[in-house]
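Here's the structure we're looking at; comments come further down.
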Amino acid sequence: MENKYVIGVDYGTDSVRALVVNTQTGETLGTAVHYYARWKEGLFCDPSISQFRQHPLDYLEGLENSIKGALVGLSNEVKQNVVGISVDTTGSTPVAVDENGTPLALLPEFAENPNGMFILWKDHTANAEAEEINTLAHHWDTDFTKYVGGIYSSEWFWAKILRTLRVDEQVREKAFSWVEHCDWVSAVLTGNTNPLALHRSRCAAGHKALWHDEFEGLPSEEFLQKLDPLLSGLRNRLFKDTYTADHAMGTISAEWAEKLGISTNTIIGVGAFDCHMGAVGADIQPYSLCKVIGTSTCDMLVAPNEEIGHLLIRGICGQVDGSIVPGMLGMEAGQSAFGDIYAWFQKVIVSPVRALLGHEAAEKLSNELIPYLSEQASLLPIKESDIVAIDWLNGRRTPDAKHTLKGGIVGLNLGSDAIKIFKALVEATAFGARAISDRFQQEGVPIKEVIAIGGVAKKSPFVMQTLADVLNMPIKVASSDQACALGAAICAAVAAGIYPDFASAQKVMASGFDATYTPRPEVVPVYEILYQKYIRLGNFIEN
């Protein structure tokens, strides 16, 4: 049998990565990463108001360069036997498009307008709009938030759309529809970006856009009009049907096939979010909690619909039939900041060094600081009297989304140094993770194992050991450092018909595990006491 190959494309916050995989063996043949040029310069962003935008040209350049880079050096036989490509992206990362599905920022008059660009997942400029959605939904005859944990977030589709329509008349007049990043890139590869025709991701629609079969699609026209007349008519220019990631978006366009040097028969799969495909790549099974740990976290759980489907799980980022694994209920939670908190602390220390001692000294310190702090913090004893911190530096995603919340640190004294504060920040991120796992279990969803993927999981033994101690559960780390791209490749293999379902493809292609962190019995009781302090401190800050 002739070998067949697939490409998984993984759009992260800073870069896009492509992975070429043999469908018969799971072997990776090639990979490449492209860093977004405009994003790297900080263009179109204003962290002081939580505005984070990405230009569609960064995505298009990244798509071409990452795939071409991953194919470099591979034979023509391999290239002509690429049968499928699937794409995962961050989300909710929507963009305003015209009638052709062209993002407004690709039109000359919007080229420098951040409101015509993709509104990145961590953009929190729509906090007020999210509150309005929650208030109205909770007083409507149908609570459209009931399948997203009962709380709508400013990180999501409708809040971002409403905010943009209110603040930018030019966008308001030109925007025909709105498209998620994962849907748009997949459609681009087919050459048909018509927003009324492209197959919308069940994952994006169910978790972020309040789509559900019970509602016959999106929230009702009456609800959206009541929310704001600016939304009138938009529902009809969006979508009613959604598709799981085992479906095809279409076949690659002749233009993109030629550009990439692959077959015109290549199937393009329906897209999904990075963490969801990452869970597939990490071989998620029913009741595995798969934690994607990077700048933020995304926590995935799947379970049979007949066992869990009757529950409404409070305070998570949604429960959607087929969003992760078709045929299973997919559940999502997460933390708005994880690695970002360590990066913030690094910046606090390094910034004055840069100003006083120059770029070279600052870069040296920046490269060595977190490993040094981690090593030293791992040597500290764990005591009930330790500093306690709250991880809400970018608000709280789950449980119970509230992005207006701030972080905090208590228990400082004149003996508190950078190492002790860093240790408390790491513990805070672990406590935030514990709050999520507790919520699932309190709501009747058991957790049988914990799987970790992502940069922090691979690079920081100190963080992972702390997490295992706080959760009081072993944590298996996936051996693949590209689990999201690998998951996208698995989805492509199913969409292209190489395998009949995800389970069959995962058996051959999914990542194994190369590390397990086991809780240390002597520190688990101390962390239980510190965790209760974290809960009380969080309640104080919130109330």
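Since every read-out is calculated from the coordinates, none of them should be taken as a lab result. Remember, it's a predicted structure, so these values are computed and weren't measured experimentally. Counting neighbours? That spans all protein chains shown, and the Cβs are built from the backbone with ideal geometry, glycine included.
Okay, here's what the table says:
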| item | result |
| --- | --- |
| Linear extension gain, Y372 paired with H138, 0.36 nm per residue minus alpha-carbon span | 79.4 nm |
| Calculated FRET efficiency for the pair L414/K40, C-beta based, R₀ 45 Å, to 0.05 | 0.65 |
| Cα gyration tensor category, rounded, prolate or oblate, for region 359-407 with a/c compared to 1.5 | oblate |
| Inverse mean reciprocal Cα-Cα distance (Kirkwood Rh) of region 5-272, Å | 19.0 |
| For Y11, Y5, Y59, order by how many other beta-carbon atoms lie within 10 Å, fewest first | Y59, Y5, Y11 |
| Paramagnetic reach from N192 in region 227-256 [backbone N under 19 Å; point 7 Å along Cα→Cβ] | 237-256 |
| Unpartnered cysteines - no second Cys beta carbon under 4.7 Å - across the chain | C45, C182, C203, C290, C317, C484, C491 |
| Linear extension gain, A254 paired with E363, 0.36 nm per residue minus alpha-carbon span | 34.7 nm |
| The chain: C-alpha gyration tensor shape, a/c 1.5 cut-off, then a/b vs b/c | rounded |
| Net charge, N265 excluded, C-beta distance under 13 Å - Lys, Arg +1, Asp, Glu -1 | +2 |
| The chain: calculated mean residue ellipticity at 222 nm from DSSP helix runs of at least 4, using -39500 (n - 2.57) | -12000 deg cm²/dmol |
| Long-range HN-HN contacts of A248 with modeled amide H, under 5 Å | V270 |
| Pairs from K4/K259; K4/K240; K160/K507; K291/K423; K174/K291 whose Cα-Cα separation, in the structure shown, is over 32 Å | K4/K240; K160/K507; K174/K291 |
| Proximal charge balance of A493 [Cβ under 12 Å; K/R count +1, D/E count -1] | 0 |
| Inter-probe distance in nm under a simple model that places probes 7 Å from Cα toward Cβ, at R314 and L60 | 4.8 |
| Two-site FRET efficiency, V167 against Q24, from Cβ-Cβ distance with R₀ of 45 Å, rounded to 0.05 | 0.30 |
| Approximate spin-label separation Q80-I529, in nm, with each point projected 7 Å along Cα-to-Cβ | 7.1 |
| Nonlocal amide H pairs with T89, under 5 Å, H built at 1.01 Å | Y11, A272, F273, D274 |
| Rounded to whole Hz, the Karplus (6.51, -1.76, 1.60) HN-Hα couplings of region 85-102, x for glycine and proline | 9, 10, 10, 10, 9, 5, x, 7, 10, x, 9, 7, 10, 8, 4, 8, x, 7 |
| Loop-located trypsin sites (Lys or Arg not before Pro) in region 378-434, at most 13 other Cβ atoms within 10 Å (DSSP) | K383, K406 |
| Label-point gap, in nm, between V348 and N543 - each point 7 angstrom along Cα→Cβ | 2.6 |
| Within-10-Å neighbourhood charge of S437 [Cβ basis; K, R +1; D, E -1] | +1 |
